[in-house]
1. Filter the strands (runs of 3 or more DSSP E) completely within segment 152-242 down to those with at least 1 residues that are out of contact with any Leu (no Cβ under 9 Å at 6 or more places or on another chain) and either without any contact (Cβ under 8 Å) to a residue 12 or more places away in the chain or not assigned by TED's automatic domain parsing to the domain that holds ILE302 (or both).
2. What is the one condition in (1) charged (D, E, K, R); (2) surrounded by 15 or more Cβ atoms within 10 Å (Cβ to Cβ); (3) within 22 Å of the chain's Cα centre (by Cα) that ARG186 does not satisfy?
3. Name the one entry in LEU415, LEU391, LEU365 that is modelled with pLDDT of 95 or more and in contact with a strand residue (DSSP E or B) (Cβ under 6 Å, 6 or more places away or on another chain).
4. Of the residues in segment 1-33, how many are β-branched (Val, Ile, Thr) and in a loop (DSSP other than H, G, I, E, B)?
5. Give the residue that is surrounded by the most Cβ atoms within 10 Å (Cβ to Cβ), with candidates limited to residues of segment 65-82 that are free of Cβ contacts under 8 Å to residues at least 60 places away in the same chain and assigned to a helix (DSSP H, G or I).
6. Can you confirm whether PHE229 is at pLDDT below 95, of a type outside the set (Gly, Ala, Ser) and more than 19 Å from PHE344 (Cβ to Cβ)?
7. Can you pull out the strands (runs of 3 or more DSSP E) entirely within segment 249-335 that have at least 1 residues that are under 22 Å from ASP223 (Cβ atoms) and not charged (D, E, K, R)?
8. Find the residue count for segment 394-412, including only residues that are within 23 Å of ALA2 (Cα to Cα) and either at pLDDT below 95 or of a type in the set (A, V, I, L, M) (or both).
Amino acid sequence: MAIDIFAIGGYEEVGMNMTAVKIDEKVFILDMGIALDRMVLLQESGLPINKKTLLEARAIPDDSILNDFKGKVEAIILSHAHLDHIGAVGYLAAKYNAPVIGTPFTIELLKSNIKDDKLNFNNFVVMNAGEELEFGDVTLEFIHSTHSVPQTVFPVLHTKYGAVFYGIDYKLDNKQKLSAPPDYKRIRQIGKEGVHALIVEAIRAGEKGKTPSESVALEMLRDTLRDNFASKNAIVIACFSSHIERLNTIVEASKGMRRKVVFLGRSIGKYTDVSKKINFKSFPNVEIAGHQRAVRAILKKIARDRSKYIIVCTGGQGEPNAILSRIARKEYALTVEPGDKIMFSCITIPTPVNIRNRKSLEDLLSSQGARIFRDVHVSGHSAREDHREFLHMVQPEHIIPCHGDIEKLTAFGTLAEEINKELGHDKYIIGKNVHLLKNGRKISI
């Protein structure tokens, strides 16, 4: 029998990631995420958030392609804790009667989200990088990776046909402060043993070059903050709440500034709580406010002397209900004054909703006299040369790009064909063993 790959979500868009792998009579689901931009639109619509409305809004994957196999699902395997990889678990997982497996940070965050959303699911298995779990003749292994959220892993399914390697959302970062470099030795070893299929992210496959290390973000933040060392204006930094490494980088970069760092926002509060709970990283010298009453109290205090603080908050995507947007709309005691510095230590995730919201926010801030500092940031996703290096390590027989639209998937496909020149023969051919799929499609390999 063959290995079947089911492309369920993330093959026509950035986000909503969900793939299934059928190995003989066993099925393994890899990730179960939401489309963040469509979720925002649904929330703004005022409609109730439930499985029916989420499916109608295309905010969670349509997994009906698995209806005939739901009794054969052995496990739902999560690569990391971003919502576009775990956000649909509470709505879709129960029908499969299978455990959800992830690292401690991923599972702890998922439990918190499911509780907050008042959903009913509690079948979790915690697994660390470097560990294995057997399902008869299939073995699951977690390999340590680096990304922009703690404890990201490469799940690998070892089968009698060769390995199925899930290489999604990674960067080859050797200089993170809180995480070790990726486990290159084990990646290369599995490549030599034989990888039948690589399912791999394609978000930045068309961007030439290599993604810089988080250590570069530290220097960018230091330079930008030092340029404003003597300023009496407010300094506000927006970043991804889940990026514990970046939050730590901001704290490190602010040393010597004689300003107190504060973290504001419900999601920042949640992610930092989880990080502390699993003993990954705590921030004892940072004041953290997640709930609105605490946020209002801190901002009222900051408004009396804004020169004494660095505000780190949610809102880097221009989300209407995030802290930065609410500051811009004058909903707090602290309002924007001419000369205030607003730093975006994040990219805009390239979806129409995010692009629109971010532009509206920047326009509003600029109209109030704020100085905007964009892209004080390095990506958590590999660029083209990182992917090239990764392909040489993994040496797959088949490549299935995901996590992008057709343009991004094609960019990864052309990269694979470029590597043929380095190999001296046509190993990778689009349409033969480089598979550009769409949501709802299946291939047998």
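1. The qualifying strands (runs of 3 or more DSSP E) are 153-159, 162-167, 195-201.
2. Condition not satisfied by ARG186: (3).
3. LEU365
4. 1
5. Among those residues, the one meeting the criterion is PHE69.
6. Taking the combined requirement at face value, the residue satisfies it.
7. In segment 249-335, the matching strands (runs of 3 or more DSSP E) lie at 260-264, 309-313.
8. Looking only at that region, the number is 3.
The values are calculated or read from the model by the stated rules, or taken from the named source; none is laboratory data. Computed from a predicted model, the values in this text were never measured in an experiment. Heads up, the Cβs are rebuilt from the backbone with ideal geometry, glycines too, and the neighbour counts pull from every protein chain shown.
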